[in-house]
Amino acid sequence: MSETRRGLPLRISRAERIFPTLTPAQMSRIAPHGHMRLMQRGEVIYEQGDTNVPFFVVVTGEVEIVSPSRAAETLVTVYGAGQFSGEVSYLSGRRALFRMRVTKSGELIELDRQQMLALVQNDAELGEILMRALVLRKVELVAAGVGDVVLIGSMHSPSTLRLKEFLMRNGHPYSYIDLDRDHDVEKLLDGYHTAASEIPIVICRGELVLRNPTNQQVADCLGFNEAIDQTQIRDLVIIGAGPSGLAAAVYGASEGLDVLVLETSSPGGQAGASSRIENYLGFPTGVSGQELAARAYYQAQKFGAQVLIAKCKRLACDHKPYILEVENGARIPARAIVIATGAEYRRPPLENLSRFEGAGVYYAATFMEAQLCSGQEVIVVGGGNSAGQAAVFLAEMTKRVHMLIRSAGLAESMSRYLIRRIEQTPKIVLHPNTEIEGLEGGDHLESVRWRNKQSGQIEEHNIRHIFVMTGADPNTHWLDGCLALDDKRFIKTGPELSPEELSAAHWPLARTPYLLETSLPGVFAVGDVRGGSIKRVASAVGEGSIAISFVHQVLQE
Ligand SMILES: Cc1cc2nc3c(=O)[nH]c(=O)nc-3n(C[C@H](O)[C@H](O)[C@H](O)COP(=O)(O)OP(=O)(O)OC[C@H]3O[C@@H](n4cnc5c(N)ncnc54)[C@H](O)[C@@H]3O)c2cc1C
């Protein structure tokens, strides 16, 4: 291996997995998948921001990967003979994060996206080496904050937290500059003709400056959706990239279906809001929801499924093939549909709740939110498993966790292992029969009032952070009367649909709906959005996987 200078601070053990050197025999297996290409010293093979960038294996010579910026280039890494370029999001055709330039003339093997997908799917040994390296590179870039985006914001700004979560959960590396901590930030802002009052500011590829952008504007600026054809008829469109939608995507794409997933925000769904899932099969020490989601997301991409970051706003069910109307204006035709839109957290009816969302009120308890309240007192509201997990996790890095529950105890609503953990954690103080009465503060939450329903006693505490984990309602409002729902607005499927409901829905077929099929033929519902579902990651994943066998049957009808 040639001597390499790397901009990424990597441990040697990881460096070997992230930047492996292929053997001549392995390279000769790759060559027939693509074509050979000569390269000359100084030549730029691709530029930061290019789309549909091919994969390159260096046969002879050397290339460098650099991050260009206004001031200077930063070296990210160097690839010599036997090494290959790219990171995992190139599998979905996303824009290049860096520039690749030739430092020693030689020869490359070039593979386009389809050729690369065929290689990783069909050659088990190379598939493992390549996928592992591409995923680990992405993880390393995210951890080191090396990428094509700079976010300038403040710990006290809810929109900064929103954008951090959006970039992190979409696995997009970014560097963060905090207005309150970095004294040179004024100079940077002047350079881009922006003011501190306009934060958060997102600078894409050193050029485009977005002032307090929406998530969709950031997705557009970074080209998350550019490589995706939004007009072609798909075998299967999945709405929602939580555990159930991602499972359907992995099974559907791996079994040869042309799969598109629509996701409002970022892959992971509710599971992505969990710090540690301990009851999912195969993870004896637990796994963070975001890690589980990221792994599933990359797995779906490996099999060729595409994920469009955009909200589905309507199902045109009177049209065949069905049409999914997306918030960005696209109308996507689908032969079969899996609805995996899950549920959305319930907001307690408190007068000024929305004012403090992201500024003291949170609906997720991951490392990102925990950093904001390190060493302080916090409140967790709710008595279910998600609240229990949040309390145990937050107790590790906060001063005290007040757990407010409406009922008299946890036994009915929480798994035994979590109750035991809570009992064994002195930092967690349980307040049964208790409800929040009011929130006070300026730009940030400053104090909270709660009331014991039995004694009527009201207490006020100077606490700046509340984690609300009080259950969720189904995301079915966008269905606009297309499907039969139960009285809580969850989607009815299979044997749950009565003959009367099927006749009211004008069910047109001689057969009855398959398991997980809704009152509309070829439209399935899986996971938390489905009436009667068990609200767990494993059952969501199971349903998403099972639905695919029925999708195949529908596509043959
Ligand atoms: C904090 C927390 C901790 C948890 N811990 C555990 C645990 O330890 N073990 C366990 O088994 N379960 C746990 N759960 C429950 C588990 O996460 C859920 O049961 C599971 O995520 C359900 O998966 P899903 O795919 O059905 O839906 P969701 O996870 O809700 O995903 C739905 C997805 O659809 C997207 N979406 C919604 N509407 C649209 C639209 N119109 N267009 C496009 N996209 C849309 C959403 O953005 C979301 O990403 C926890 C839940 C929470 C909130």
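Computed values, structure above
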| read-out | value |
| --- | --- |
| Sites Gln376 and Leu188 - FRET efficiency at Förster radius 22 Å, r taken between beta-carbons, to 0.05 | 0.15 |
| Whether the stretch 64-112 is rounded, prolate or oblate, judged on the alpha carbon gyration tensor where a/c under 1.5 counts as rounded | oblate |
| Subset of Lys138/Lys164; Lys320/Lys492; Lys164/Lys535; Lys313/Lys488; Lys492/Lys535 violating a 24 Å alpha-carbon distance limit | Lys164/Lys535 |
| Computed E for Thr51/Thr214 - FRET, C-beta separation, R0 25 angstrom, nearest 0.05 | 0.70 |
| Part-to-part distance (alpha-carbon centres) for the stretch 233-259 and the stretch 278-348, which is given in Å | 8 |
| Modelled FRET efficiency - R0 30 Å, Ala144 with Tyr280, Cβ distances, 0.05 increments | 0.60 |
| Linear extension gain, Ser545 paired with Glu344, 0.36 nm per residue minus alpha-carbon span | 70.2 nm |
| Inter-label distance, nm, simple model (7 Å from Cα along the C-beta direction), Ser69/Glu437 | 5.1 |
| Per residue convex hull volume, Cα atoms of the chain, in Å³ | 164 |
| Zone of Ser105's modelled label, taken as backbone nitrogen in the stretch 49-65 under 13 Å from a point 7 Å along Cα→Cβ | 61-62 |
| Per-residue [θ]222 nm for the chain (sum of -39500 (n - 2.57) over DSSP H runs n ≥ 4, rounded to 500) | -8000 deg cm²/dmol |
| Label-point gap, in nm, between Ser159 and Ser28 - each point 7 angstrom along Cα→Cβ | 5.9 |
| Inter-label distance, nm, simple model (7 Å from Cα along the C-beta direction), Thr60/Arg181 | 4.9 |
| Extended-chain gain in nm, criterion 0.36 nm per residue less alpha-carbon gap, His319 and Lys453 | 43.0 nm |
| Accessible area in square angstrom per residue, the stretch 150-255, 1.4 angstrom probe | 39 |
| Unpartnered cysteines - no second Cys beta carbon under 4.7 Å - across the chain | Cys312, Cys373 |
| Qualifying GluC sites (Glu not before Pro) for the stretch 401-438 [loop in DSSP, other Cβ within 10 Å: at most 11] | Glu412 |
| Share of carbon and sulfur in the accessible heavy-atom surface of the chain [1.4 Å probe, %] | 50 |
| Sparse-neighbourhood loop sites, GluC sites (Glu not before Pro) in the stretch 108-210 - DSSP loop, at most 13 other Cβ within 10 angstrom | Glu207 |
| Loop GluC sites (Glu not before Pro), the stretch 337-407 (other Cβ atoms within 10 Å of the site Cβ: 16 or fewer; DSSP) | Glu351, Glu396 |
| Cα-Cα P(r), the stretch 34-91, percent of pairs per 5 Å interval | 4, 15, 26, 29, 18, 6, 1, 0 |
| Residues in the stretch 16-34 that a label on Glu128 would reach, taking backbone N under 16 Å of a point 7 Å out along Cα→Cβ | 17-18, 20-23, 26 |
| Net lengthening on full extension, Glu43/Ser503 (0.36 nm per residue, minus Cα-Cα) | 159.0 nm |
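The values are calculated or read from the model by the stated rules, or taken from the named source; none is laboratory data. Everything numeric here is computed off the predicted structure, so don't read it as measured data. Glycine gets a Cβ as well: all are built from the backbone with ideal geometry, and neighbour counts include every protein chain shown. Ligands, DNA and RNA are stripped out before the accessible areas are found, and what is left, the full protein with its side chains, is counted by its heavy atoms. Shrake-Rupley method; radii C 1.70, N 1.55, O 1.52, S 1.80 Å.
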